[in-house]
Amino acid sequence: MNLVLFGPPGAGKGTQSAFLTERMRMKHISTGDLFRAAIKNQTKLGKEAKEFLDRGALVPDSLTIALVEDVLQNLRGQSFILDGFPRNVAQAGALEKVLGNLGIKIDKTVFLEVPVNLLLGRLTGRRVCKNCGATYHIETKPPHKEGICDLCGGPVLQRPDDKEDVIRTRLEAYETSTRPLKEYYKLKGPFVEVDGRGTSEDVFEKLKGVLHVKH
């Protein structure tokens with residue numbers, strides 16, 4: 001099963017993707033993770049992307065699509081989840097062309113809906129391990145030792161794009177660019193919408209229901 005999982009920043013796409021990849025052994029394709037790896041390795045693409053991400057702007061379509069296409073070409077038939085990509089209708093059209101050229105189809109698009117007031121709290125409290133990328137929250141999921149990752153012992157920090165002023169910029173960009181994807185995918189089908197409120201386990205139960213995952 002190949003999925004597109006999308007929704008506003010902070011909706012829980014990464015968390016739900018992790019649950020699904022663990023249960024279904026799918027490839028998790030997150031452009032955010034791919035860009036952060038490129039930034040950490042100081043590649044040319046990473047340096048270009050960093051300039052946009054640090055101020056809360058979206059990375060240009062041409063950079064994003066090229067990166068995703070490279071990953072898709074190397075899947076060798078493995079099922080995947082596209083997490084947070086595409087971000088706009090133009091990217092969705094470009095993705096459709098890439099998938100067509102590769103002979104790959106999307107089985108379902110899933111939209112996670114969460115009210116804006118909850119998104120701000122989720123994102124401003126989010127902390128991420130600089131080394132391994134593990135995600136925490138200062139209220140709902142703090143590391144056992146403040147500032148130290150439970151998994152690898154690396155430093156747990158607030159990302160520049162999780163500061164409140166940057167988050168507001170991201171949410172504004174989402175409203176103008178990403179929300180229209182709902183209508184795009186509703187027309188394309190098959191499309192489902194999942195209420196992203198509640199604990200991550202609650203949301204996963206809802207997700208399993210719409211995807212007909214038994215375990």
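The values are calculated or read from the model by the stated rules, or taken from the named source; none is laboratory data. Model, not experiment: these values are computed from the prediction. No Cβ is skipped: glycine too gets one built from the backbone with ideal geometry, and neighbour counts run over all protein chains shown. Surface areas here come from the heavy atoms of the whole protein model, side chains and all, with no ligands, DNA or RNA. Shrake-Rupley method; radii C 1.70, N 1.55, O 1.52, S 1.80 Å.
Descriptive notes on the structure:
- Among (1) over 17 Å from the mean Cα position of the chain (by Cα); (2) under 28 Å from residue 2 (Cβ atoms); (3) in contact (Cβ under 8 Å) with a residue 40 or more places away in the chain - the single one residue 193 does not satisfy: (1)
- Selected residue (criterion: farthest from residue 89 (Cα to Cα)) from residues of segment 1-51 that are of a type in the set (Lys, Arg) and touching a strand residue (DSSP E or B) at 6+ places or on another chain (Cβ under 7 Å): 27
- Scanning segment 40-62 for residues that are open to solvent by 70 Å² or more (accessible area, probe 1.4 Å), assigned to a loop (DSSP other than H, G, I, E, B) and free of Cβ contacts under 8 Å to residues at least 40 places away in the same chain returns 41, 42.
- Residue 77 being assigned to a helix (DSSP H, G or I) and more than 27 Å from residue 128 (Cα to Cα): no
- Number of residues in segment 1-38 that are assigned to a strand (DSSP E or B) and within 25 Å of residue 117 (Cα to Cα) equals 4.
- Residue 95 under 23 Å from residue 57 (Cα atoms) and modelled with pLDDT under 90: no
- Tally, over segment 115-133, of residues that are in contact with a strand residue (DSSP E or B) (Cβ under 8 Å, 6 or more places away or on another chain) and within 19 Å of residue 6 (Cα to Cα): 2
- Restricted to segment 113-191, the set of helices (runs of 4 or more DSSP H) holding at least 1 residues that are at pLDDT 90 or above, closer than 26 Å to residue 209 by Cβ and out of contact with any His (no Cβ under 8 Å at 6 or more places or on another chain) comprises 181-188.
- Across segment 63-80, the number of residues qualifying as surrounded by 12 or more Cβ atoms within 10 Å (Cβ to Cβ) and in contact with a strand residue (DSSP E or B) (Cβ under 9 Å, 6 or more places away or on another chain) comes to 6.
- Being β-branched (Val, Ile, Thr), under 15 Å from the mean Cα position of the chain (by Cα) and open to solvent by 40 Å² or more (accessible area, probe 1.4 Å) holds for only one residue in 135, 140, and it is 135.
- Residues that are closer than 21 Å to residue 33 by Cα, in contact with a Pro (Cβ under 8 Å, 6 or more places away or on another chain) and part of a loop (DSSP other than H, G, I, E, B), drawn from segment 80-108: 88
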